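One structure below.
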Amino acid sequence: MAENSKTSSPATVAKPGASARRLRLHATSDPANLAPVRRACEKYCIEHGLSPNAANDVGLCVNEAMANVTRHAYAGATDRPIDIVCEEVPTDQGGGVRVSIRDWGNGVNPATLPGCEPNPETPGGLGLICLRRLMDEANYVPQPDGMMLVMVKRKGV
Amino acid sequence: MSDLRTRSDLVTAARKEGDAVVVAVRGEIDLHNSPQLRGDLLDLISRQSPARLVLNLSEVPYMDSSAVAVLVESLQKLRKTGGRVYLTGLQPRVKGLLEIARLGTIFVIVADEAEALK
């Protein structure tokens, strides 16, 4: 891990003035972690040049992605690990913030599941719709022992 | 008008007004606490069978898809008795998510409680 990375639990990441180049969070799949992780990611995005609206989009997508991990990859278990990394995207690569969410669950790729158009009567799948609508990139990268979601939000979008 | 009892901290006030039940909700709602809201709303619907369920969300700055699912489940339960769900006080983040979910087509979104109670 890089020297200027910052590793912490979700409860302690939101230190005022902190502006590490990389934010690395180790959480569990307990939904109680959704809000502190979301807020930490939003704060990182603001500190690294995203607009408040763009940061809010990232926060919602982190929330939805983590909730999907708990519900689907971990079948509701609340004591399994989820790692979240926020990092700057270099300007020559378009700029913005990249968020990676790693789990060690069942390895099912949610993007391959059917039925992802919004249907007001059946809101299941809304999390994936948010990822596709609100992020500039959102790709599931299968891992030998789980899954990693890599999302990018560009500046000024 | 009569005050109604609820269990969770998310519902700050609930009252019966004519054929309507008006519920004030407060706080950020995600998968961690949306089951509490679900319990309160479904319980109110079961006990009161209102023709109109008015949800004042002016103190809800954030919700995720699990909260949206609670709203939809409440609507579906209310529809069985011909009822409707009114939403008021939508903050920007909540409004944005409801738009992504295309929920404006099934809920009645109004400016304030008075408009819902007309």
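So what J values fall out for segment B:111-118 if you push phi through Karplus, 6.51 cos²θ - 1.76 cosθ + 1.60 with θ = phi - 60°, rounded to Hz, Gly and Pro as x?
With the stated coefficients, segment B:111-118 comes to 6, 7, 4, 4, 5, 5, 8, 4 Hz.
Which whole-angstrom value gives the distance between the alpha carbon centres of segment A:76-92 and segment B:43-118?
One Cα centre to the other: 32 Å.
Which whole number in µm²/s is D for segment A:12-153 by Stokes-Einstein, with the Kirkwood Rh taken over Cα pairs at 25 °C and 0.890 mPa s?
The calculation lands on 161 µm²/s.
Please calculate how many Å² of accessible area chain B carries per residue, with a 1.4 Å probe and no DNA, RNA or ligand atoms counted.
I get 45 Å² per residue for this part.
Assuming R0 = 45 Å, can you tell me the calculated FRET efficiency for the pair B:T12 and A:N139, based on Cβ-Cβ distance, to the nearest 0.05?
0.65
Taking a probe of 1.4 Å and counting only protein heavy atoms, give the total accessible area buried between chains B and A in Å², rounded to the nearest 100.
1900
Using the Cα centre as the reference, give the magnitude of the dipole from point charges on the C-beta atoms of segment B:57-118 (Lys, Arg: +1; Asp, Glu: -1; all else neutral), rounded to the nearest 20 debye.
Computed charge dipole of segment B:57-118: roughly 320 debye.
The protein assembly as shown: D in µm²/s via Stokes-Einstein (Kirkwood Rh, Cα pairs, 25 °C, 0.890 mPa s)?
Answer from the Stokes-Einstein relation: 125 µm²/s.
Using the Karplus equation 6.51 cos²θ - 1.76 cosθ + 1.60 (θ = phi - 60°), what ³J(HN,Hα) coupling, rounded to whole Hz, does each residue of segment B:32-38 give in order, writing x for Gly and Pro?
Each residue of segment B:32-38 in turn: 5, 10, 4, x, 5, 5, 4 Hz.
Which of A:T78, B:S58, B:A116 sits farthest toward the positive end of the charge dipole of the protein assembly as shown, with +1 on the Cβ of Lys and Arg and -1 on the Cβ of Asp and Glu?
B:A116
Take every Cα pair under 8 Å in segment A:12-153 that's 6+ residues apart, average their separations, divide by the length, and report that relative contact order as a whole percent.
24
From the backbone phi of segment A:27-35, what are the Karplus-calculated ³J(HN,Hα) couplings (6.51 cos²θ - 1.76 cosθ + 1.60, θ = phi - 60°) in whole Hz, Gly and Pro given as x?
Using θ = phi - 60°, the values come out as 10, 10, 7, 5, x, 4, 7, 4, 5 Hz.
Roughly how many percent of the accessible protein surface of chain B is carbon and sulfur, given a 1.4 Å probe and a whole-percent answer?
The nonpolar share, carbon plus sulfur, comes to 47 percent.
Quantify how strongly other chains surround peptide B:60-72 by giving the mean number of their Cβ atoms within 10 Å of each of its Cβ atoms.
5
Of the residues B:V85, B:V108, B:V70, which exhibits the maximal mean-square fluctuation in a Gaussian network model of chain B defined by a 10 Å Cα contact cut-off?
Per the Cα network of chain B with a 10 Å cutoff, B:V108 tops the list.
Out of residues 5 or more away from B:R84 or on other chains, whose amide H comes under 5 Å of its own, with H placed 1.01 Å from N in the peptide plane?
Hits under the 5 Å cutoff: B:R52, B:L53.
Find the accessible area per residue for segment A:12-153; the probe is 1.4 Å, ligands and nucleic acids are left out, and the unit is Å².
42
Would you mind telling me the antiparallel percentage of the DSSP bridges in the protein assembly as shown, rounded to 5?
65
The values are calculated or read from the model by the stated rules, or taken from the named source; none is laboratory data. Quick caveat, the model's predicted, so the values are computed rather than measured. Using ideal geometry, Cβ is built from the backbone for each residue, glycine included, and neighbour counts are taken over all protein chains shown. Ligands, DNA and RNA are stripped out before the accessible areas are found, and what is left, the full protein with its side chains, is counted by its heavy atoms. Shrake-Rupley method; radii C 1.70, N 1.55, O 1.52, S 1.80 Å.
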